[in-house]
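Single-structure report; data block below.
No lab work stands behind these numbers, since they all come straight from the coordinates. Note that the coordinates shown come from a computational prediction; the quantities given were computed from them, not determined experimentally. Methodologically, a virtual Cβ is constructed for each residue, glycine included, from the backbone with ideal geometry; neighbour enumeration extends over all protein chains shown.
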Amino acid sequence: MLRECSFVSTHCEKFMSFSFVLHRIGLFAAVLLGCQLSFSGTLNSALLQEFQGQGTAPPAKVSIGFDGNVKLGKWVPIFVSLDPSTSASKFEVENIDGDDTPVIYQGPLLSDPKSPGQYQAWTRIGRSYGKSELRLLNSSDELIETFQLSFTGKDRVGKFIGSTQELILTLEPQDLFKKSIESVSSLASQEDARIIAALGENNTLPFNWLEYDSADAILLVTSDIERVERISEVQLDAIETWVKQGGTLILSATSNANQLLSENGSLARFCPGNFVGLDECFNSSRLETFCDSQEKLLPAKNDSIPIVRIEDVRGTVLVDNSNTKNRKPLIIKTAYGMGKVIFVTFDLDTSKTTEWIGFPKLVEKLVSGAATERETTSSTAARGSSVSHFGYKDLIGQLRVPLDRFRDVQFVKFAMIALLIGLYILCIGPGDYFLLHKFFKKMELTWITFPLVSLIFCGLAIGISVATRPDTIKINQLEIIDIDTINGEVRGTVWGNLYSPIGQTCSIGLEKSHQLGFEIDSNLLTWHGLPGNGLGGMATTANPGLLKTNYEQSFKVSENGQTLNTEIENLPLQVSSTKPIFATWWASIEPESRVQLNRDPRLTQLRGRVNYKLPFKLKNCRLIFENWAYVLENPLNPSDTFDVQTGTTEKSLKSILTRKVKLKKSDRSENSPWDPTDIRVNRIADIMMFYQASGGMAYTNLSHRYHSFTDMTDQLNLHRAILVGEVDEPGAILKINGESALSQYDQTTTIVRILLEVQY
């Protein structure tokens, strides 16, 4: 009985164990099947939604530059398309600066309610090699998304162009219009070829003026009213601020003038006078002369083109319709802040205009008058042969040379180094042998004399090193301060070089209070690059392959997106090295509305009085207007007044810029040739400030395109006179690690330009 019970018990346990296993297998299979069905259902649902276009966010897209053109050493926009509900609010961009050092730019992502899902960042690239990476972060600095910005291969987001190439932007989407411009815009040298970036329907305009930094001019035609109406107020403010900072806008608005140029029109701010309506032009002979065209724009007797009628024109009429009293302006050039607007009173993109044989030449004339002076094939070749051995092709390259020279830094001649090396070899070799063998008679003392001699020479080397360089950071600086008395705006431009005797990292900023009394509202401080492909140039393709520590540049942007404040943190400085920097700052003053200068229509010369009201002393003063310079003998003190006719000496502007001298034993005089090795900062600055008036490329054999905004020659013919003078003390002062660096300045040059209104 017990045996039978034991047998039954054993079989029951086996059965229960087997059932347990089956249960577990079944449960596992059920779970697996459920997961598979759930996954399959989710996948099918997702695929279904994707195919039906429901619930799927559009893929993120990134583009950089204008039409993919990225100018080296200039600020360029980064356009990002994201889901409007994204939590990204900040950006970081990492690339290489002009000295081959990694830099990380940090700032807020810009957006506009009129363009949901469109965000913008910006960056500045100094070399055509190395990686560039965009990182998007939320308000807690958590990484949201990363994009690799490639400039090669199929996935490239842009292409590099030279820092001195002209880039013209046009909002006209028609390919014919773009090709017409390019047909006469190409130069013999590919390096200097003009580039036209046609911004079509799908391109978003920048929200911040800084993003236009790489553009030389904007050509805006307005026949496509829907395209123009999509430009938001934020984008128009960015264009306006950029023009005021020295940019050029070429505007053509006729067919929609009543809507765009009326009192409340979106483009009324750019109108060079009072818009009173539309008119007709029946005579285009002067326009044909302007374009060197043998074919008439209006061949038939009753042919006409509609034009905008402007009264009380501000600026200079470049072309009108006839020589009668009832002249109608066709092209007007007017000053706008420190920049200019070229206003065309007829539509540039109508079939009658674009099919005219003189149209390409017309646009070339407009763009050439807008950007820097054009280089001919011969001048380009001459430039390359005459200055190539100096390693630079732009005036900014020549400016870098004196800024690199510090009075407290003395270079030890190679002859002295060779002498010390030879003396050291003699002391540890023959000298040590004869000393121990002849006098001490103990050769084993070399264990003492050899290290002693080595220590003496090491100390001598250290002593020479300390004696020939400073013990702290030193700064050289050129500053050009432009004061627009008509609009009450001030812009300061600073080129500086920092010398560090030791290896260190530091943070750099700009002091809020200016030494000349201005209160700085905003500033932009960054690195400074060298144009060209010479040694240290941004266009060089020779990658040294050295690992360097990166640094950060942070931006603070105002609510309207136009005002910037920047700082550089953790900037690495190598032992006995220099670091070039570039800064721009802005301030405001009370505008001077009362006109005290006028142009003598008979003698075409300047007349009137100037009341100098600024609180600092000016020396080497010249009042410049059109082709004349009125030189003051004495410095200007605050509250001084002088009469142009009786208190100045009148000279030709070009003779002053070119240092014209009288030849010996002759009544003739000639220009002093430009010396590309000249290291006088104020001499270089004179040519930078009035490059075209000096003769430009024909005189210097150097271009002036990298910082062409400093050339104000155009302002001299747009109802403006410019008072130029120098100040002895530095103006803008850098902060190093939060402390004022005023005591660390070595050599400074501060030049002030004051824009004054002239009545015609």
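Assorted remarks:
- Label-point gap, in nm, between residue 300 and residue 548 - each point 7 angstrom along Cα→Cβ: 6.6 nm
- Projecting the Cα atoms of 462, 486, 446 onto the charge dipole of the range 429-514 (Cβ charges, centred on the Cα centre) puts 446 farthest toward the positive pole.
- Ranked by the mean number of other Cβ atoms within 10 Å of their residues, highest first, the peptides 737-744, 395-402 come out as 395-402, 737-744.
- Length released on extending from residue 631 to residue 146, taking residue separation times 0.36 nm less the Cα-Cα span: 168.8 nm
- Applying 1/(1 + (r/R0)^6) with R0 = 45 Å to the Cβ-Cβ distance of residue 423 and residue 671 gives a FRET efficiency near 0.30.
- Residue 461/residue 659 FRET efficiency (R0 56 Å; Cβ-Cβ; nearest 0.05): 0.80
- Inter-label distance for residue 114 and residue 641, nm, one decimal - labels placed 7 Å from Cα along Cα-to-Cβ: 4.7 nm
- Extension gain from residue 357 to residue 679, taking 0.36 nm per residue of separation minus the Cα-Cα distance: 111.1 nm
- FRET efficiency, residue 61 to residue 569 (Cβ-Cβ, R0 25 Å, nearest 0.05): 0.20
- About its Cα centre, the dipole of the range 529-635 is roughly 560 debye, where the only charges are +1 on Lys and Arg Cβ and -1 on Asp and Glu Cβ.
- Each peptide in 682-695, 429-442 receives the mean, over its residues, of other Cβ atoms within 10 Å, and ordering these scores from highest gives 682-695, 429-442.
- With a simple spin-label model that places each label point 7 Å from the Cα along the Cα-to-Cβ direction, the separation between residue 412 and residue 434 comes to 2.5 nm.
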